[in-house]
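The values are calculated or read from the model by the stated rules, or taken from the named source; none is laboratory data. The model shown is predicted, which means the values in this text are computed figures rather than measured ones. Heads up, the Cβs are rebuilt from the backbone with ideal geometry, glycines too, and the neighbour counts pull from every protein chain shown.
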Amino acid sequence: MTTRRILAALTVAGFLGLALYADVPLHATWDTSLSLGSGSGFTVEEFCSTIAVDVSTEALVGLSFSEFHEFGFLWQELSLIAGVGAVDVRTDALFGPSTTDYLYAQAIAEMRLGGAQIGIYYAQVSDAILGGWADGFALRLAGSAGGLYITSITELGARIADDDFAGFRIFHAPSGFSRRYATDPIVAGQGFTGEKLTVEGLSFGCVDLVETTLYLTCAGFQSLAFEIEGLATGISWLAFDLELTFAVAEKTIAVSPALLIGDVGCVALTFDVVPETATISIDGIALGGFDMTYAWNGVTVRDVTVLAPCRYAISTPAFGSTLVAVDDALADGIDHYPDYWELLSIHIDGDACCGGAYALLCNAYFEQGAGQILGWAMTYLEGSVGIGTNAALVGHVTLDAAGLDTASLGFTFVW
């Protein structure tokens, strides 16, 4: 057990030593909010307070992140980041103070040699994580050769975040809160467990491939993906991005067209390729939804429409209020509204007094059968006002057909 915690102990000792003995100032940000629900009289629905501290020298940075909720002290994270010449090193350690558990640690060392990059990733999770203790390495090599940019990721019991993999997520099961890291040591097997090879810059005739990715594991072939951007359609204002993936038992196609309207507006359409049942032919292309944005002089207006509610949804404001695939949202832990099919949003920002800034967001959500005018279901209002450059008041309210649903008030303080 002691050897499993060496990395975490070194990170803690390094951060405390830097904070206590280095003659450098501390910088901190304190965010706190209290949310009240109106179910049967106003009751505390959620309390959240986070404290982020950094202390740094020319070659070393120490970071501390603490998160508290109404149920207790949720996360304590300590990090060290060092840079010496062409070598960058980072270590992270995560603890669950409410249960006095050590949860996770990772170490990343990256080096630049001319146009090449070498990265070594190591991580371990403790017995307190669902699935039990595990650790592993990964080696990343990247560089240019003959006009191509080649990236090789060799998995030795661990995976690392890239364009296809979002990284490792640690969940606090009772609340659903999570922390995300680059290195995932949960890979079945020991020693060599996988190889991912990505080549950028390949061309076949008139088609330029953005990326071609081959993924193999110790069990054999897993997938081969081709990604194309800006596929010409013969229409000057319309182009397609295409991703074709061959896996062991299936083939998937993702089509992403976009329409550009001048310099201030954009309409992004989301399409599905609909395969004909039990064949490999394509039965049609279905429009799943669109996201239209117009920005002018500090005012941004958006309209997000879901046309295929069984496949797409609108994410919550905390996740950007974007159009997301339901399968991806469930896999990546993205909170979303499964019943709302339309979002109208207005965001305004500008300068406040004494060097501060203000922002106001109004989101109106609509659903079929809501029983209100135009199908209105809920309105989310969020605002912040800066008090000088070091403090800000923030808050939000949600309104539905029954009236005020939740209200939240908080502050941010930086020193």
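The residue list VAL199, VAL187 contains one member that is in a strand (DSSP E or B), under 25 Å from THR252 (Cβ atoms) and among the hydrophobic types (A, V, I, L, M, F, W, C), which is VAL199. Residue under question is ALA357, and the condition is that it be of a type in the set (Gly, Ala, Ser), over 26 Å from SER175 (Cβ atoms) and modelled with pLDDT under 90; does it hold? Criteria met by ALA357.
In the range 369-377, is there at least one residue being surrounded by 15 or more Cβ atoms within 10 Å (Cβ to Cβ), in contact (Cβ under 8 Å) with a residue 12 or more places away in the chain and touching a Leu at 6+ places or on another chain (Cβ under 6 Å)? No, the range 369-377 has no match at all. Just one of the listed residues (PHE192, PHE246, PHE240) is modelled with pLDDT of 85 or more, surrounded by 11 or more Cβ atoms within 10 Å (Cβ to Cβ) and in a strand (DSSP E or B), namely PHE246.
The rows are residues; the columns are (1) buried (at least 16 other Cβ atoms within 10 Å of the Cβ); (2) modelled with pLDDT under 85; (3) within 29 Å of ALA249 (Cβ to Cβ); (4) touching a Gly at 6+ places or on another chain (Cβ under 8 Å).
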residue: LEU260; (1), (2), (3), (4): no, yes, no, no
residue: VAL267; (1), (2), (3), (4): no, yes, no, no
residue: GLU276; (1), (2), (3), (4): no, yes, yes, no
residue: THR279; (1), (2), (3), (4): no, yes, yes, no
residue: TRP296; (1), (2), (3), (4): no, no, no, no
residue: ALA318; (1), (2), (3), (4): no, no, no, no
residue: ALA352; (1), (2), (3), (4): yes, yes, no, yes
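Among the numbered conditions (1) within 24 Å of THR32 (Cβ to Cβ); (2) crowded, with 17+ Cβ neighbours inside 10 Å, the only one that CYS362 does not meet is (2). Against the condition among the acidic types (Asp, Glu), within 21 Å of the chain's Cα centre (by Cα) and more than 30 Å from ALA188 (Cα to Cα), how does GLU67 come out, does it pass? Here the answer is yes, as GLU67 does meet what is asked. Every condition in (1) closer than 23 Å to ASN297 by Cβ; (2) not in a strand (DSSP E or B) holds for ASP328 except the one numbered (1). Screening GLY132 with (1) of a type in the set (Gly, Ala, Ser); (2) at positive phi; (3) assigned to a strand (DSSP E or B) gives one miss only, at (3).
Screening the range 25-46 for residues that are hydrophobic (A, V, I, L, M, F, W, C) and surrounded by fewer than 16 Cβ atoms within 10 Å (Cβ to Cβ) and picking the one that is modelled with the lowest pLDDT gives PHE42. The lone criterion from (1) touching a strand residue (DSSP E or B) at 6+ places or on another chain (Cβ under 9 Å); (2) closer than 21 Å to ALA401 by Cα left unmet by GLN368 is number (1). Which residues, counting only those in the range 45-81, are under 17 Å from PHE411 (Cα atoms) and among the β-branched types (Val, Ile, Thr)? Across the range 45-81, the qualifying residues are THR50, ILE51, VAL53.
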